[in-house]
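Engineer: Please see the structure below; I have some questions.
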Amino acid sequence: MTHDARPALPYRPRRLRRTPALRALVSETRVDARELVLPAFVKEDLTEPAPIMSMPGVVQHSLDSLRREAVRVAEAGLGGLMLFGVPLERDAVGSGATDPDGILNVATAAVKAEVGDAVVVMTDVCLDEFTDHGHCGVLRADATVDNDATLDLYARMAVLQAERGADVVALSGMMDGQVEAVREALDDAGLTDTAVLAYAAKYASALYGPFRDAVESTLTGDRRTYQMDPANRREAQREVALDVVEGADIVMVKPASLYLDVLADVAAGSDVPVAAYQVSGELAMVEAAAAIGWIDRERTIAESLTSIKRAGADIIATYWALEAVENPQVRELL
Ligand code: PBG
């Protein structure tokens, strides 16, 4: 068949893919440093940062190294820093969480003293880092999680964190009524300007495994009575609606990559900003495969962040937040 005889195609999509400049011109999704939040771990009494075996590139910080990290976050122009505390002692009720001198409270004050309002500081409101059984709430005698008794502790935690300067308290425990309880406690304490980020659709995921290493916590049993069933999509809408009614300023979907359908639903229906958390297991899978040469690390990182954004996230919590800015091989793909 001659060239002339070939039927004219009504449209050729490849025209706009021909050169990098053309592709950049028509790119629908860009990931900006300002919408990335870096989660960071800080361990009580640590003098040097310590690596986390199942999270390559991520460390447990000392107070000093956390302060330096906060400066780096500010210089990179990231959207924020999300703090998790690793206490030395744990007990049944997670006393370290409500201790004014507990590691997370001390770290929050230290970071704020260092960077002030240049970085949005978010703090984790949950008991699992502080309890010896590893659950997100306190337990009854029969080892079930006591929802309403836990709410009182979350309220105290949130007020302490806000008093230390947290801009946003991030409620990750999945207790019913946690947003309302925390909002009310903050308002009663005069902390009306502290924002609440609700992990509204948080699934009972296997992908939090490496996080347990990061916070050195062991879990007795599982979390399926409070975190969502991975099989459920529609239920996420209900969780989000409840949290917004209770006063959530930002809602989050977690994990991110395996839940992009949920994220897209939530983003389509939400009138508050929507965040997504690219969790520890998402990092671990990519780093492990990249380390043995089975996938291209930088391209996979960029593709995962782009996909989370494309699905509708306004804010992405990711352990690769600095990488996305500081590693040119990632940045050029975003
Ligand atoms: C609860 C909390 C967890 C994560 C964020 N907040 C642990 C859990 O619910 O098991 C997991 C984040 C990650 O895996 O990176 N404090």
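The values are calculated or read from the model by the stated rules, or taken from the named source; none is laboratory data. Here the structure is a predicted model, which means the values were calculated and not measured. Backbone-built Cβ (ideal geometry, glycine too); neighbour counts: all protein chains shown. Please note that ligands, DNA and RNA were not included when accessible areas were found on the heavy atoms of the full protein model with its side chains. Shrake-Rupley method; radii C 1.70, N 1.55, O 1.52, S 1.80 Å.
Engineer: With Cβ to Cβ distances under 12 Å as the rule, what net charge do the other residues near Glu184 carry (K, R +1; D, E -1)?
Structural biologist: With Lys, Arg at +1 and Asp, Glu at -1, the neighbours total -4.
Engineer: I would also like to ask the following. Using the charge dipole of the chain (Lys, Arg: +1 at Cβ; Asp, Glu: -1 at Cβ; taken about the Cα centre), state which of Leu36, Ala170, Ala181 has its Cα farthest towards the positive end.
Structural biologist: Projecting each Cα onto the dipole axis, the largest value belongs to Leu36.
Engineer: Another one. Can you give the longest run of the chain that contains no GluC sites (Glu not before Pro) sitting in a DSSP loop with at most 12 other Cβ atoms inside 10 Å?
Structural biologist: 90-331
Engineer: Let me ask another. Per the 1.4 Å probe, what fraction of the accessible area of the chain, in percent, lies on carbon and sulfur atoms?
Structural biologist: With neighbouring chains kept in place, the figure for the chain is 51 percent.
Engineer: Starting from the residue with the highest accessible area, list Asp229, Asp167 in decreasing order, probe 1.4 Å.
Structural biologist: Ranking Asp229, Asp167 by accessible area, largest first, yields Asp229, Asp167.
Engineer: Rounded to the nearest 10 degrees, what's the angle between the helix 280-291 long axis and the longest principal axis of the chain, both from Cα atoms, 0 to 90?
Structural biologist: Between the helix axis and the principal axis of the chain, the angle is about 50 degrees.
Engineer: Using Cα pairs closer than 8 Å and at least 6 residues apart in sequence, work out the relative contact order for the stretch 124-248, in percent.
Structural biologist: 28
Engineer: I'd like to check one number: the per residue accessible area of the chain, probe 1.4 Å, reported in Å² as a whole number.
Structural biologist: Result: 47 Å² per residue.
Engineer: Starting from the exponent 0.38 and prefactor 2.2 Å, build the expected Rg for the chain from its residue count and divide its actual Cα Rg by it.
Structural biologist: So the Cα radius of gyration is 1.06 times the expected 2.2 N^0.38 Å.
Engineer: Additional query: Could you pull out every one of the lysines with an alpha carbon less than 22 Å from that of Lys202, ignoring same-chain neighbours closer than 8 positions?
Structural biologist: Leaving aside lysines fewer than 8 places away in the same chain, those within reach of Lys202 are Lys254, Lys309.
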